[in-house]
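Bear in mind these aren't lab numbers, they're just calculated from the coordinates by the rules spelled out. What you see is a predicted model, and the numbers here were worked out from it, not measured in a lab. With ideal geometry, Cβ positions are generated from the backbone for all residues, glycine too; neighbour counts draw on all protein chains shown.
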DNA sequence: TCATATAGTTGCTCTGGTTAACTGTTAATC
DNA sequence: GATTAACAGTTAACCAGAGCAACTATATGA
């Protein structure tokens, strides 16, 4: 399957641009969105947890969280451990999350329009396997 | 197909890191590799052509080409049009291209190991459709 | 208690992308 | 033929996002 990576990567830039454009009205980018997504799904998330989940370094997470706090979308409380921060979406963050969730799902539907659902599910399965092989 | 983008994007970072690591010994990154790839496949490529093909702005292409010239992998000759530059791989560039080609193909095989070839081809077809829908 | 590990932060650097403004060349229009 | 518009490429300034190294503060455990 020569050229598979190339084929994969050709989609990246247009996709991320579409997502960032969609998020821009909320002063978000996809990298910030990822943190909100994680916070939404995991109560009491710590920064290290997020860092490991997305495979980025801690300073990157610190800065994303700082930005989201400035925007009023995220708040931090101390965790059990006094070293640890526990992040959570604020009420405003929840609202913004919901709005973006709707928009992203709509974009997803638009971009995958005309593609067989089975093919999409198989593609998602391929992603999981690729990810497994990459580690 | 909720979460399809997320699934797609989860592969990006590990993949690009693996590719960049593979290319690093040749002082290349994937973004530079793209230009070599295009030059290999299209004789007398112009910078605008490359810019349009990869969907990046002209200044980005200028800098990639400059870097590849410094490395001695690419050379520019004036095109028909005296405004235009025509880029081509040097002999050294050809050698490096071949070496990297082999390595990338091997990585591709490793990373797609255990995945049904039909599934891969269908995935590639999905990428084409996504790309079409994104424009 | 003292050494070590862990969570998070700060500062600096690098890559790679963008826009805007510019030069030089070609094409089109009058 | 002269002027205007379009085009190829470059430069400069900027921005986003990631990485590493060094740091603080807290926790663990020998």
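Note on chain B: with a GNM built from Cα contacts shorter than 10 Å, the maximum mean-square fluctuation among B:113, B:124, B:45 falls on B:124.
Placing the label point 7 Å from Cα along the Cα-to-Cβ direction, what are the distances from residue A:6 to the equivalent spots in the other copies, shortest first, in nm to one decimal? Output for residue A:6: 3.3 nm, nearest copy listed first. Of the residues B:105, B:123, B:90, the one that moves most in a GNM of chain B with alpha-carbon contacts below 10 Å is B:123. Label point of residue B:106 (7 Å along Cα→beta-carbon): distances to the other copies' equivalent points are 4.9 nm, sorted ascending. Residue separation of residue B:125 and residue B:77 scaled by 0.36 nm, minus their Cα-Cα distance, works out to 13.6 nm of gained length.
Note on segment B:36-80: Cα-Cα pairs beyond 16 Å make up 32% of the total pair count.
Per-residue ellipticity at 222 nm from helix content only, as computed over chain B with -39500 (n - 2.57) for each DSSP H run of at least four residues, stands at -22500 deg cm²/dmol. Coordinate range of the alpha-carbon atoms in segment B:12-134 per principal axis, descending: 49, 36, 23 Å.
One way to sum up the overall shape of the protein assembly as shown is the equivalent ellipsoid from its Cα gyration tensor, whose semi-axes run 37, 22, 20 Å, largest first. Spin-label model, residue A:91 to residue A:1: label points 7 Å out along the Cα-to-beta-carbon direction sit 4.9 nm apart.
Taking all Cα pairs closer than 8 Å and separated by 6 or more residues, the relative contact order of chain A comes to 20 percent.
Note on chain A: with a GNM built from Cα contacts shorter than 10 Å, the maximum mean-square fluctuation among A:71, A:28, A:19 falls on A:71. Placing dummy labels 7 Å off each Cα toward the beta-carbon, the span from residue A:38 to residue B:49 is 4.4 nm. Each 10 Å bin from 0 upward holds the following percent of the Cα-Cα pairs of segment B:1-40: 28, 37, 24, 10, 0. In a fully extended conformation the segment linking residue A:70 and residue A:118 would gain 13.1 nm over its present Cα-Cα distance, using 0.36 nm per residue.
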